[in-house]
Amino acid sequence: MTDTLLRWSYPRIIAHRGGGHYAPENTLAAVRLGAQRGFTMVEYDVKLTQDDLAILLHDDKVDRTSNGSGDAGAMSYRELATLDFGAWHSARYAGEPIPTLYAIAAFTQHNGILSDIEIKPCAGTEEHTGTLVTRMARLMWAHAKVPPLLSSFSEIALAAALREAPELPRALLIADELPTDWRERMQRLQCVALNMNQRHVTPDAIHRVHEAGYKITAWTVNDTVRAHDLLDWGCDAIFTDEIEAIPASI
Ligand code: G3P
Ligand code: MG
């Protein structure tokens, strides 16, 4: 338990996908906006291109968040770099490129921003993505005082992360209620935190997770009253898209 506490140096409010609803998700512009609004930690989704570059992207396909179409995992970085990942959001962000993890590592560290790297492998690449993203994170944050938190829904990716860099803190993402075997899973993956869908976070769940020696966070909280409730109950952090109504300092 002491070890967990020592390795948890993260703020209570985290900007989701960089800048929440207010900038195109998972872009440098989004992370810059989050930083401008005073957020000291951002979450973003990371996967691999066909040529194994780590890039920020939520979906397997580029269709929803760019002017292109197709599977990102089947495209080279060079191909992805020709696409516009900003115009779908609003005209002012037209031309925003897909960021590499390297660019985000440089920007965040230069500006004192902490990272939750959500490892989001394309289907079928869980182990490879977990290994490579972790290896890159270890190198890119080698001199950081506070390491990035590596989180994933994929237990295969988290197991790979544990093998690759056991010293980097990990969080298990859970979409539903606390499963009966959550303690075993946390132990097996040596996670420090459980990142839960906010819908299922209750005072009882917080108590049980704390009692077992872990941190608990909630995503994605866009309602101010709910944000206050969760934090009052002792939730260790919340992720928000609503970076205007839920400021970094509530
Ligand atoms: O990491 C928290 C949250 O981002 C998980 O869900 O689908 O928004 O990546 P999603
Ligand atoms: Mg995410």
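The values are calculated or read from the model by the stated rules, or taken from the named source; none is laboratory data. On a predicted model such as this, the values are computed, not experimentally measured, just so you know. Here the Cβ is made from the backbone with ideal geometry for all residues, glycine too, and neighbour counts use every protein chain on show. Ligands, DNA and RNA are stripped out before the accessible areas are found, and what is left, the full protein with its side chains, is counted by its heavy atoms. Shrake-Rupley method; radii C 1.70, N 1.55, O 1.52, S 1.80 Å.
Beta bridges from DSSP with both residues in segment 2-240: antiparallel share about 15 percent, rounded to the nearest 5. Inter-part distance, segment 232-250 to segment 59-125, computed on C-alpha centroids, equals 24 Å.
For the chain, the spread of Cα coordinates along the three principal axes comes to 49, 39, 34 Å, biggest extent given first. Pull up the cross-link candidates among the lysines for Lys61, meaning alpha carbon to alpha carbon under 18 Å and not fewer than 8 places away within one chain. Answer for Lys61, where 18 Å is the Cα cut-off: Lys47, Lys120, listed by chain and number. Once the chain from Arg135 to Tyr102 is taken as fully extended at 0.36 nm per residue, the excess over their C-alpha distance is 10.7 nm.
The 1.4 Å probe gives accessible areas that order Met196, Met75, largest first, as Met75, Met196.
Loop-resident chymotrypsin sites (Phe, Trp or Tyr not before Pro) (DSSP state other than H, G, I, E or B) in segment 127-190 with no more than 16 further Cβ atoms inside 10 Å of their Cβ: Phe153. Quantify, in whole percent, the carbon and sulfur part of the accessible surface of the chain (1.4 Å probe; protein heavy atoms only). Answer for the chain: carbon and sulfur cover 51 percent of the accessible area. Label point of Ser90 set 7 angstrom out along Cα-Cβ; within segment 28-43, amide nitrogens under 18 Å from it belong to 28-39. For the chain, the relative contact order comes to 20 percent (Cα pairs under 8 Å, sequence separation of at least 6).
In this view, the solvent-accessible surface of Lys61, computed with a 1.4 Å probe and all protein chains in place, comes to about 100 Å². What the chain shows is 43 Å² of accessible area per residue, with the surface traced by a 1.4 Å probe over protein heavy atoms.
Looking at segment 113-164, the trypsin sites (Lys or Arg not before Pro) that sit in a DSSP loop and have at most 11 other Cβ atoms within 10 Å of their own Cβ are Lys145. Relative to its Kirkwood radius, the Cα radius of gyration of segment 1-92 gives an Rg/Rh of 1.06.
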